[in-house]
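Visitor: If you scroll down you'll find the structure; I have some questions about it.
Only the coordinates and a few stated rules stand behind these numbers; no lab work does. Everything numeric here is computed off the predicted structure, so don't read it as measured data. Note: ideal-geometry Cβ built from the backbone for every residue, glycine included; neighbour counts use all protein chains shown.
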């Protein structure tokens, strides 16, 4: 597979295809899934603190032999981590779990709330 990229407004090139690891068990399963994706040419991994597998993503990147700049990592903050005094420590913990010094894309993770518009 040849990885294609999207150029963002800030000039960063984000890999268009990525592996989402939602519902992948941390540890061996996440590591194997990521390593297999890397072998296939994927260079984007999407994880989240709520998925509880950031450690496996970080370990897979370490084992892959790829340079950090070659893999785009997206992760997410859970709503309980929003706010003054909460967000920065939560990001520091993510960086520690991912074994990296930066995150390429950090999203605000929000669950879907069903609602019906007023008539």
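Visitor: Taking only Cα atoms, what is the 0 to 90° angle, nearest 10, from helix 87-98's long axis to the longest principal axis of the chain?
Guide: 30
Visitor: Find the relative contact order for segment 5-108 and round it to a whole percent, using C-alpha pairs within less than 8 Å whose residues are 6+ positions apart.
Guide: Result for segment 5-108 is 25 percent.
Visitor: Another question, if that's okay. Under the classification rounded if a/c is under 1.5, otherwise prolate if a/b is larger than b/c and oblate if not, where does segment 5-108 fall, given a ≥ b ≥ c as square roots of the Cα gyration tensor eigenvalues?
Guide: Cα axes put segment 5-108 in the oblate bin.
Visitor: Classify segment 6-50: rounded, prolate or oblate, from the alpha-carbon gyration tensor (a ≥ b ≥ c, eigenvalue square roots; a/c under 1.5 rounded; otherwise prolate if a/b is larger than b/c)?
Guide: Oblate, because a/c is 1.5 or more while a/b does not exceed b/c.
Visitor: For residue 25 and residue 106, what does the FRET efficiency come to when R0 = 25 Å and r is the distance between their Cβ atoms, rounded to the nearest 0.05?
Guide: 0.60
Visitor: Something else: Tally the DSSP beta bridges in the chain and give the antiparallel ones as a percent, rounded to 5.
Guide: Close to 25 percent.
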